[in-house]
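Please read the structure below before turning to the comments.
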Amino acid sequence: MTTSLPGRAALLLAFSAFAAACPGPPEGGPADLVVRGGAIHTVDAESPVVEALAVRDGRFVFVGSLRETGRWIGEATEVIELDGRAVIPGLIDGHVHLESGLSLVRGVDLTGIADRDEWTRRIAARAAELGPGAWIVGGRWDHTLSGGEFPSVEELDPVTPDNPVVLSDIDGHTAWANSLALELAGVDAETPDPPGGRILRYASGAPTGILLETAGGLVEEHVPPLSAGEEREIMRQTFQNAAKLGLTGVHTMAGPERIPAYLEFAAGGQLPLRVWYGAFGSADRAEELAAARDDARRDLAAVAAARGPTFEVGYAKLVADGVLSARTAALLAPYADAPDKSGFMVTEFDDLAASVTRFHEVGFPVAVHAIGDLAVRASLDAFEAAAERGPRPELADRIEHIEVLDPEDAPRFRELGVLASFNPHHCITGIDVYNTDRLGEVRAAWSFAWGAARDAGATLVFGSDWATAPLDPLRQLYAATVREKPSGGPPGGWHPQQRVSWREALTAYTLGPAAASGWDDEIGSIQVGKWADFVVLSGAVPDPPDRSILDLRVDSTWLAGAPTHRTASDR
Ligand SMILES: [Zn+2]
């Protein structure tokens, strides 16, 4: 066998590799930062996984192979060797309520924790940090994750003898208090149940610590309010926690009254997240909201020029129905486990369509909370009606949650240009708890139908819905791709046809939300020219995705080329 041809080819290859590695320093000088030596998941369809990236002046200037990095490294260039760790684009949570999580940051966050000993460990640790006398708030405990029994004062009192405690459950309908909090609030065996609420009691009549619905308020009203300064500090910690989890952006929803606080953070360069703000509120205030949007745009123009989009009053949020757990989500046919109930619309179709039209007139896209298949259909109908009646906003409308979808409506997302915005973790906490009970087998196959929406051509946006689910995007990506319970199972995933691939899930947590805010030319993927928002993980991403996603940690988070969070192992 002759060797001359392969020999020549090898020589040519070696030469071209040499040429590629040494084409001289790049125009504009070396990079500020080079990251190399692991799988870099770009979510760019052209080159989805690369080995190296370089950043200069806050933007990606190079994305490609390891052997091309040499020319980007100058004397002042920082080089991060990945040693096999993965990099992903900065994560953008497409649906979050940062305000409703402030109590978790002030107090204790038990979201998604099944182990009750861990609850008391965290509460005890927080009490030690805050010192005697301080109220411990927050919670978001979920008793359905471990046995389904309510907790009581008996677990709380031994670990919090000197701190009053009142902790909300995951839905915010039930409070869990300790004896000191009950005492300070004057709630005892003699206290009657308030209208619309119930105090759970032992045989003696003494409260167990569980307060249903309005009864929670009997204790909660005694929690001292935060000063404006304390509240800003807790917001700062909330942003920092998000950065620690790999988030570089959020679509957060709250009332318009919260906007000034964000503006202050953004203008001061104190916002480690790019915030796309969805305002709750009546369409009567559409003009006022549009004025706030225009003011913010003007005020933040210099900040945006220096490090990309930072804060924008972006969209309006409406609510069509309730939730599956409480059987208030509006269904086309009755609940499987309550044949006399189909839920109900919180906002009737006519009002929904009129509000959408009103917001469109001032340029806002609209996000509608719609969980049941009837509410999803009504929302699509409302968007269709509004498009016929008036102007369409530049950016796409969206439906939030979509926990059950009628197959006939799946293609309408693409047809109407409506984004499908899902919260993956809500699916997996309902497996074996209530998803199938509420919907029955046939509809359950179309619940949390991420795969079906993708197959029908919908653009997916994923988010956590924190504080009703964990803010941690890796747990959300596990839910989206593995679709097993937080504790694992069923093997292969619950209705596995609705799982999405790692790349699809990651896109729905990066480029999808970036496109929803109109920022996809600037952020959302690792591509030359975009702002360098990215995350270094502690290891490689399992392929195919499996439970070990939950073991990954965030080593560092970068926004416009600067770290917003960094562990020692990343240096
Ligand atoms: Zn929400």
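The values are calculated or read from the model by the stated rules, or taken from the named source; none is laboratory data. Note that the structure is predicted; figures quoted are calculated from it, not measured. Neighbour counts run over all protein chains shown; Cβ positions are idealised from the backbone, glycine included.
Would a scan of the range 237-247 turn up a residue that is free of Cβ contacts under 8 Å to residues at least 24 places away in the same chain, away from the ligand (no atom under 16 Å from the Cβ) and either closer than 20 Å to Thr120 by Cα or touching a strand residue (DSSP E or B) at 6+ places or on another chain (Cβ under 9 Å) (or both)?
No, because not a single residue in the range 237-247 is free of Cβ contacts under 8 Å to residues at least 24 places away in the same chain, away from the ligand (no atom under 16 Å from the Cβ) and either closer than 20 Å to Thr120 by Cα or touching a strand residue (DSSP E or B) at 6+ places or on another chain (Cβ under 9 Å) (or both).
Hey, any hits in the range 152-166 for a residue that's of a type outside the set (S, T, N, Q) and under 27 Å from the mean Cα position of the chain (by Cα)?
yes
Could you list, in sequence order, all residues of the range 511-538 that are among the aromatic types (Phe, Trp, Tyr) and either in a loop (DSSP other than H, G, I, E, B) or touching a Pro at 6+ places or on another chain (Cβ under 8 Å) (or both)?
Matches in the range 511-538: Trp519, Phe534.
Contact list please: Cβ distance under 7 Å, first residue in the range 422-447 and touching a residue at least 12 places away in the same chain (Cβ under 8 Å), second residue among the β-branched types (Val, Ile, Thr) and more than 16 Å from the ligand (Cβ to nearest atom), pairs at least six apart or on different chains.
Val433/Thr144; Leu439/Val404; Arg443/Val404; Ala444/Thr436; Trp446/Val404; Ser447/Val404
Where in the range 99-181 are the strands (runs of 3 or more DSSP E), entirely inside, with at least 1 residues that are touching a residue at least 60 places away in the same chain (Cβ under 8 Å) and under 18 Å from Thr429 (Cβ atoms)?
Once the strands (runs of 3 or more DSSP E) in the range 99-181 are filtered for at least 1 residues that are touching a residue at least 60 places away in the same chain (Cβ under 8 Å) and under 18 Å from Thr429 (Cβ atoms), what remains is 138-141, 166-169.
For the range 480-492, give me the residue count where each residue is closer than 28 Å to Gly524 by Cα and part of a loop (DSSP other than H, G, I, E, B).
Result for the range 480-492: 3.
In the range 269-293, what residues are closer than 22 Å to His401 by Cα, outside any loop (DSSP other than H, G, I, E, B) and more than 24 Å from the chain's Cα centre (by Cα)?
Ala283
How many of the residues making up the range 448-462 are away from the ligand (no atom under 16 Å from the Cβ) and part of a loop (DSSP other than H, G, I, E, B)?
Qualifying residue count, the range 448-462: 5.
Pull up the range 83-102, narrow it to residues that are surrounded by 19 or more Cβ atoms within 10 Å (Cβ to Cβ) and modelled with pLDDT under 90, then point me to the one that is farthest from the ligand (Cβ to nearest atom).
Step by step, filter the range 83-102, then rank; the result is Leu102.
Table: residues versus (1) within 16 Å of the ligand (Cβ to nearest atom); (2) closer than 26 Å to Ala279 by Cα; (3) among the acidic types (Asp, Glu); (4) under 23 Å from the mean Cα position of the chain (by Cα).
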{"site": "Pro393", "(1), (2), (3), (4)": "no, yes, no, no"}
{"site": "Pro411", "(1), (2), (3), (4)": "no, no, no, no"}
{"site": "Ser421", "(1), (2), (3), (4)": "yes, yes, no, yes"}
{"site": "Val433", "(1), (2), (3), (4)": "no, no, no, yes"}
{"site": "Glu441", "(1), (2), (3), (4)": "no, no, yes, no"}
{"site": "Trp446", "(1), (2), (3), (4)": "no, no, no, yes"}
{"site": "Ser464", "(1), (2), (3), (4)": "yes, yes, no, yes"}
{"site": "Ala469", "(1), (2), (3), (4)": "yes, yes, no, yes"}
{"site": "Gln498", "(1), (2), (3), (4)": "no, no, no, yes"}
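Which residues, taken from the range 461-481, are buried (at least 24 other Cβ atoms within 10 Å of the Cβ) and either free of Cβ contacts under 8 Å to residues at least 12 places away in the same chain or aliphatic (A, V, I, L, M) (or both)?
Correct list: Val461, Ala467, Ala469, Leu471, Leu477, Ala479, Ala480.
Within the range 93-131, can you find the residues that are of a type in the set (Ser, Thr, Tyr) and more than 15 Å from Ala254 (Cβ to Cβ)?
Listed by number, the residues that qualify are Thr111, Thr120.
Can you find even one residue in the range 76-85 that is under 26 Å from Arg274 (Cα atoms), in contact with a strand residue (DSSP E or B) (Cβ under 6 Å, 6 or more places away or on another chain) and among the small types (Gly, Ala, Ser)?
No; the residues of the range 76-85 include none that is under 26 Å from Arg274 (Cα atoms), in contact with a strand residue (DSSP E or B) (Cβ under 6 Å, 6 or more places away or on another chain) and among the small types (Gly, Ala, Ser).
Report every pair of residues separated by at least 6 positions or lying on different chains whose Cβ atoms are under 7 Å apart, first residue within the range 390-411 and of a type in the set (Phe, Trp, Tyr), second at pLDDT 95 or above and more than 16 Å from the ligand (Cβ to nearest atom).
The qualifying pairs do not exist here.
With the structure loaded, tell me whether Ala296 is in a helix (DSSP H, G or I) and buried (at least 21 other Cβ atoms within 10 Å of the Cβ) or whether it fails that test.
Numbers: in a helix (DSSP H, G or I): yes; buried (at least 21 other Cβ atoms within 10 Å of the Cβ): yes.
Yes; evaluated as a whole, the condition is true for this residue.
Filter the range 383-399 for residues that are out of contact with any Asp or Glu (no Cβ under 8 Å at 6 or more places or on another chain) and closer than 27 Å to Ser325 by Cα and give the result.
If the condition is that a residue be out of contact with any Asp or Glu (no Cβ under 8 Å at 6 or more places or on another chain) and closer than 27 Å to Ser325 by Cα, then Asp397, Arg398, Ile399 are the ones that fit.
What number goes with the only condition from (1) in a loop (DSSP other than H, G, I, E, B); (2) more than 21 Å from Pro26 (Cβ to Cβ) that Ala76 does not pass?
Going through the list (1) in a loop (DSSP other than H, G, I, E, B); (2) more than 21 Å from Pro26 (Cβ to Cβ), Ala76 breaks only (2).
Have a look at Gly7, Gly37 and point out the one that is modelled with pLDDT of 95 or more and not in a loop (DSSP other than H, G, I, E, B).
Gly37
Does Asp406 satisfy the criteria of being surrounded by fewer than 24 Cβ atoms within 10 Å (Cβ to Cβ), at negative phi and among the acidic types (Asp, Glu)?
Numbers: surrounded by fewer than 24 Cβ atoms within 10 Å (Cβ to Cβ): yes; at negative phi: yes; among the acidic types (Asp, Glu): yes.
Spelling it out, Asp406 is indeed surrounded by fewer than 24 Cβ atoms within 10 Å (Cβ to Cβ), at negative phi and among the acidic types (Asp, Glu).
Quick check on my filter: what residues within the range 330-353 are aliphatic (A, V, I, L, M) and in contact with a helix residue (DSSP H, G or I) (Cβ under 7 Å, 6 or more places away or on another chain)?
Passing the criteria: Ala330, Leu331, Leu332, Ala336, Met345, Leu352, Ala353.
Cβ-Cβ below 7 Å, separation at least six or inter-chain, first residue in the range 482-505 and closer than 19 Å to Gly440 by Cα, second modelled with pLDDT under 95: which pairs?
Between residues of the range 482-505 that are closer than 19 Å to Gly440 by Cα and residues that are modelled with pLDDT under 95, the close pairs are Lys485/Ile431; Lys485/Asp432; Trp494/Ile431.
Search the range 327-383 for residues being within 16 Å of the ligand (Cβ to nearest atom) and surrounded by fewer than 23 Cβ atoms within 10 Å (Cβ to Cβ), and hand back the single one that is farthest from His173 (Cα to Cα).
Here the residue is Thr347.
Are there strands (runs of 3 or more DSSP E) fully within the range 186-268 with at least 3 residues that are surrounded by fewer than 14 Cβ atoms within 10 Å (Cβ to Cβ) and either β-branched (Val, Ile, Thr) or modelled with pLDDT of 95 or more (or both)? List them.
No strands (runs of 3 or more DSSP E) qualify here.
So which residues in the range 539-565 are closer than 22 Å to Asp44 by Cα and in a loop (DSSP other than H, G, I, E, B), if there are any at all?
Passing the criteria: Gly539, Ala540, Val541, Pro542, Asp543, Pro544, Pro545, Ala560, Gly561.
Residue by residue through the range 251-286, note down the ones that are over 24 Å from Asp533 (Cα atoms), in contact with a strand residue (DSSP E or B) (Cβ under 7 Å, 6 or more places away or on another chain) and within 16 Å of the ligand (Cβ to nearest atom).
Residues satisfying the conditions are Ala254, Gly255, Ala279, Phe280.
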